[in-house]
Amino acid sequence: MLSNNNSSRSQQTKFNLVQLKGTWIRQTEQCQRAEGKLSDAKIYENKSEHGVSWTVVSPIVFTYRVIQCKNILDPTNDTLLWGHLGDEELKGTISNSKPVKRFVVIDETVNHLYGSEVVRYFEAREVVYRILALPTTEENKCMELVTKILEEVHEFGIDRRSEPVIAIGGGVCLDIVGLAASLYRRRTPYIRVPTTLLSYVDASVGAKTGVNFAGGKNKLGSYIPPVATFLDRSFFQTLPPRQLSNGMAEILKMALMKHRGLFELLEAEGRTLLHTKLQSCESNNSSKREDSATALTRIAIETMLEELAPNLWEDDLDRLVDFGHLISPELEMRVLPALLHGEAVNIDMSFMVYVAHQRGLLTADEKDRIIQCMMGLELPVWHKDCTLALVQKSLKERLKHSAGSLRMPLPTGLGHAEIFPDMIEDNILCQAYQKWTDELASSGNN
């Protein structure tokens with residue numbers, strides 16, 4: 001450690017960076033020699049008797065759009081081609097005579113349902129395109145698929161600045177394509193078009209990309225947001241009921257953490273919304289009142305973005321959106337493919353509701369309302385493989401990878417939550433687990 005004497009002989013100088021005729025130069029604030037383009041980056045130079053060191057502070061700003069739209073595959077709809085651009089960028093692009101090229105990665109199942117519409121769209125718009133259909137399932141979520149995408153992109157050839165890769169599919173597809181785009185020439189823009197409810201409200205609107213590795217969920221990945229996400233609820237019309245329930249788990253997560261009104265909407269109309277596949281009633285066009293399906297997805301997106309936007313790179317490990325994600329990764333990978341992601345998340349949330357009740361954070365009535373809401377959304381609330389040993393192992397892993405603090409989000413009411421840093425006392429954990437099992441093991445969701 002440096003003594004106070006040595007520290008006092010250290011001299012720090014802060015430099016701004018200014019671009020003059022294409023060249024960046026350092027300038028101190030006291031000695032501004034010329035006007036030019038000023039960078040947000042700073043260089044701090046430290047001189048001491050031991051030598052010179054430099055500390056670089058270089059802010060990275062990402063701008064991306066999340067756009068709700070209708071009929072995205074209608075050839076008259078510009079969104080798929082140009083929705084990621086601002087007005088000024090769009091003017092320059094459209095005036096360019098170069099042919100428009102797009103590389104598309106689409107989930108195999110989605111391709112079977114919508115592939116012909118994607119082809120029709122690009123051909124009607126005279127786009128040079130390549131469509132790669134892949135089996136993007138949790139079992140196949142690996143680097144081999146990423147490499148396959150990279151090889152095909154390289155062979156097709158794209159302008160990495162102006163020709164974004166398009167991903168059409170569920171969360172696994174969006175994650176894999178995002179990772180591939182982050183690797184190709186170090187960062188290539190990409191667009192997300194989610195086709196499942198889960199990816200619509202979760203994977204599509206953040207910055208995470210990733211694949212499974214060494215038996216762990218999303219152990220390899222990056223934080224690179226898409227240039228745009230295009231949200232179209234019409235894809236839900238071809239989803240099986242189980243996939244819709246799967247997505248409802250992530251909406252319920254946001255409701256429990258921060259929006260009582262969203263919880264009450266799920267409680268009152270969740271089952272109906274499931275059975276109507278979250279489609280708006282077209283006969284109600286004359287009414288300006290927002291319908292329940294639109295309100296549900298809008299609030300889910302808004303609350304998710306509120307939590308993600310200030311912390312895209314997860315520099316702050318205290319995250320409300322981690323609710324339901326402490327035990328579920330271990331459970332999901334252990335029983336794969338028996339549980340879908342949202343189902344595993346809901347089982348985690350269900351148990352944590354019992355923990356919150358045991359700690360006095362939720363009343364018995366609040367606990368029961370939450371569990372009934374989960375069942376109304378046709379989500380599993382208990383699983384035989386979610387053992388106490390698995391719970392304890394998962395929490396210890398969480399402690400290990402969260403800078404020595406559990407950072408557990410727990411509901412403290414309906415639509416309210418807090419982050420609890422300390423490990424749960426063994427007696428509370430065991431009591432909550434026993435009550436959870438006693439009350440819900442016979443629910444049939446096992």
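The values are calculated or read from the model by the stated rules, or taken from the named source; none is laboratory data. Note that the structure is a prediction, hence the values are computed from the model and not measured. So basically every Cβ, Gly included, is an ideal-geometry build from the backbone, and we count neighbours across all protein chains shown. Note: accessible area is taken over every heavy atom of the protein model, side chains too, but ligands, DNA and RNA are not part of it. Shrake-Rupley method; radii C 1.70, N 1.55, O 1.52, S 1.80 Å.
Restricting to region 170-186, name every residue that is open to solvent by 60 Å² or more (accessible area, probe 1.4 Å) and in contact with a Leu (Cβ under 9 Å, 6 or more places away or on another chain).
The one that is open to solvent by 60 Å² or more (accessible area, probe 1.4 Å) and in contact with a Leu (Cβ under 9 Å, 6 or more places away or on another chain): Leu183.
Within the group Val57, Val52, Val61, which residue is of a type outside the set (Lys, Arg), touching a Lys or Arg at 6+ places or on another chain (Cβ under 6 Å) and either farther than 24 Å from Leu132 by Cα or open to solvent by 50 Å² or more (accessible area, probe 1.4 Å) (or both)? Spell out how you get there, then give the answer.
Details: Val52 fails: touching a Lys or Arg at 6+ places or on another chain (Cβ under 6 Å); Val61 fails: touching a Lys or Arg at 6+ places or on another chain (Cβ under 6 Å).
Going through Val57, Val52, Val61 in turn, just one is of a type outside the set (Lys, Arg), touching a Lys or Arg at 6+ places or on another chain (Cβ under 6 Å) and either farther than 24 Å from Leu132 by Cα or open to solvent by 50 Å² or more (accessible area, probe 1.4 Å) (or both): Val57.
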message: Testing Ile43 on (1) of a type in the set (A, V, I, L, M, F, W, C); (2) modelled with pLDDT of 95 or more; (3) open to solvent by 50 Å² or more (accessible area, probe 1.4 Å); (4) over 26 Å from Pro225 (Cα atoms), one condition comes back false. Which one is that?
response: (3)
- request: Six or more apart or on different chains, Cβ under 8 Å: which pairs go from a residue in region 113-128 that's open to solvent by 70 Å² or more (accessible area, probe 1.4 Å) to one that's part of a helix (DSSP H, G or I)? Could you list them?
  value: Leu113/Thr238
- request: Take region 228-251 and flag every residue that is in a loop (DSSP other than H, G, I, E, B) and open to solvent by less than 40 Å² (accessible area, probe 1.4 Å).
  value: Asp232, Leu239
- request: Output the number of the condition that Ala167 fails; it satisfies all remaining conditions of (1) in a strand (DSSP E or B); (2) surrounded by fewer than 20 Cβ atoms within 10 Å (Cβ to Cβ).
  value: (2)
- prompt: List the pairs whose first member sits in region 231-254 and is under 14 Å from Gly376 (Cα atoms), whose second member is in a helix (DSSP H, G or I) and of a type in the set (S, T, N, Q), and whose Cβ atoms are under 7 Å apart, counting only residues at least 6 apart or on separate chains?
  reply: Ala249/Asn346
- line: Scanning region 130-152 for residues that are out of contact with any Asp or Glu (no Cβ under 8 Å at 6 or more places or on another chain), without any contact (Cβ under 8 Å) to a residue 60 or more places away in the chain and not basic (Lys, Arg), the one surrounded by the most Cβ atoms within 10 Å (Cβ to Cβ) turns out to be Ile149
message: Looking only at region 170-214, how many residues end up being in a helix (DSSP H, G or I) and of a type in the set (Val, Ile, Thr)?
response: 5
field: Residue pairs meeting the criteria (Cβ under 7 Å; at least 6 apart or on separate chains; first open to solvent by 40 Å² or more (accessible area, probe 1.4 Å), in region 313-333; second assigned to a loop (DSSP other than H, G, I, E, B) and among the charged types (D, E, K, R))
entry: Leu317/Arg407; Asp318/Arg407
task: Enumerate the strands (runs of 3 or more DSSP E) found wholly within region 6-120, keeping only those where 1 or more residues are among the hydrophobic types (A, V, I, L, M, F, W, C) and in contact with a helix residue (DSSP H, G or I) (Cβ under 7 Å, 6 or more places away or on another chain).
output: 65-68, 101-107
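If we keep just the residues of region 187-203 that are more than 20 Å from Asn246 (Cβ to Cβ) and of a type outside the set (Lys, Arg), which is surrounded by the fewest Cβ atoms within 10 Å (Cβ to Cβ)? Spell out how you get there, then give the answer.
Narrowing region 187-203 to residues more than 20 Å from Asn246 (Cβ to Cβ): 187-191.
Keeping just the survivors that are of a type outside the set (Lys, Arg) gives 188-191.
Details: Thr188: 22, Pro189: 20, Tyr190: 26, Ile191: 27.
Going through the qualifying residues, I end up with Pro189.
If you scan region 68-80, which residues turn out to be open to solvent by 50 Å² or more (accessible area, probe 1.4 Å) and in contact with a strand residue (DSSP E or B) (Cβ under 6 Å, 6 or more places away or on another chain)? Let's see the steps before the verdict.
Restricting attention to region 68-80, the residues satisfying the condition of being open to solvent by 50 Å² or more (accessible area, probe 1.4 Å) are 68, 70-71, 74, 76, 78.
If the condition is that a residue be open to solvent by 50 Å² or more (accessible area, probe 1.4 Å) and in contact with a strand residue (DSSP E or B) (Cβ under 6 Å, 6 or more places away or on another chain), then Gln68 is the only one that fits.
Tell me which residues, restricted to region 403-423, are open to solvent by 10 Å² or more (accessible area, probe 1.4 Å) and not basic (Lys, Arg). Don't jump to the end; show me each part of the working.
Quick first cut of region 403-423, residues open to solvent by 10 Å² or more (accessible area, probe 1.4 Å) only: 403-405, 407, 412, 416-423.
Those that are open to solvent by 10 Å² or more (accessible area, probe 1.4 Å) and not basic (Lys, Arg): Ala403, Gly404, Ser405, Thr412, His416, Ala417, Glu418, Ile419, Phe420, Pro421, Asp422, Met423.
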- request: Give region 388-402 a look and list any residue that's open to solvent by 70 Å² or more (accessible area, probe 1.4 Å) and not in a helix (DSSP H, G or I), or say none.
  value: His401
- line: If we keep only residues of region 252-280 that are touching a Phe, Trp or Tyr at 6+ places or on another chain (Cβ under 7 Å) and either in a helix (DSSP H, G or I) or aromatic (Phe, Trp, Tyr) (or both), then the residue nearest to Leu414 (Cα to Cα) is Leu256
